[in-house]
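Derivation of every value follows stated rules applied to the coordinates shown; laboratory data play no part. Source: prediction; values computed, not measured. Positions of Cβ are backbone-derived with ideal geometry, glycine not excepted, and every protein chain shown enters the neighbour counts.
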Amino acid sequence: MRIDDPEVLREVEEALDRYERALMANDLAALDALFWNAPQTRRFGATENLYGFESIAVFRRARPNGAPQRVVLRRSITTFGHDAASADIEFQPIGSERIGRQTQCWIRTDEGWRIASAHVSLMV
């Protein structure tokens, strides 16, 4: 298996950039498009455990202002072969001293790169 193939890494970096723009703009259609539309998709957040694409979409729509604005402090992506990647972000919510962490498992689907699993937490 090839780790961090430059072309695959570039593709995942672009997908992660699209995700960050959509998250900060609260672009629900774009966020939905970036998550794998499957019952196996997971998202564990600071206050919620969501199982399946539908529960993630419902949660997102219940937040009228979207995710808190943030500054990305550090980003790390590792690709595994041609079809899988892990992305980790350290961030700081604007106006907060706390540091947040986000981990995503990305997979290549017929529709393109999609998030299959995500975890977001804030350090105490």
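Here are the numbers:
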{"item": "The one condition in (1) farther than 19 Å from Arg21 by Cα; (2) exposed (fewer than 13 other Cβ atoms within 10 Å of the Cβ) that Thr79 fails to fulfil", "result": "(2)"}
{"item": "Qualifying position, being more than 21 Å from Ala30 (Cβ to Cβ), among the hydrophobic types (A, V, I, L, M, F, W, C), surrounded by 14 or more Cβ atoms within 10 Å (Cβ to Cβ) and in contact (Cβ under 8 Å) with a residue 12 or more places away in the chain, among Ile89, Ile115, Ile107, Ile99", "result": "Ile99"}
{"item": "Pairs, first of a type in the set (Asp, Glu) in the stretch 44-57, second outside any loop (DSSP other than H, G, I, E, B), C-beta under 8 Å, six or more apart", "result": "Glu48/Phe59"}
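Conditions tested, residue by residue: (1) within 15 Å of the chain's Cα centre (by Cα); (2) more than 29 Å from Val8 (Cβ to Cβ).
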residue: Asn49; (1), (2): yes, yes
residue: Asn65; (1), (2): no, yes
residue: Val72; (1), (2): yes, no
residue: Ser76; (1), (2): yes, no
residue: Ile94; (1), (2): no, yes
residue: Glu97; (1), (2): no, yes
residue: Gln104; (1), (2): yes, no
residue: Ile115; (1), (2): yes, no
residue: Ala118; (1), (2): yes, no
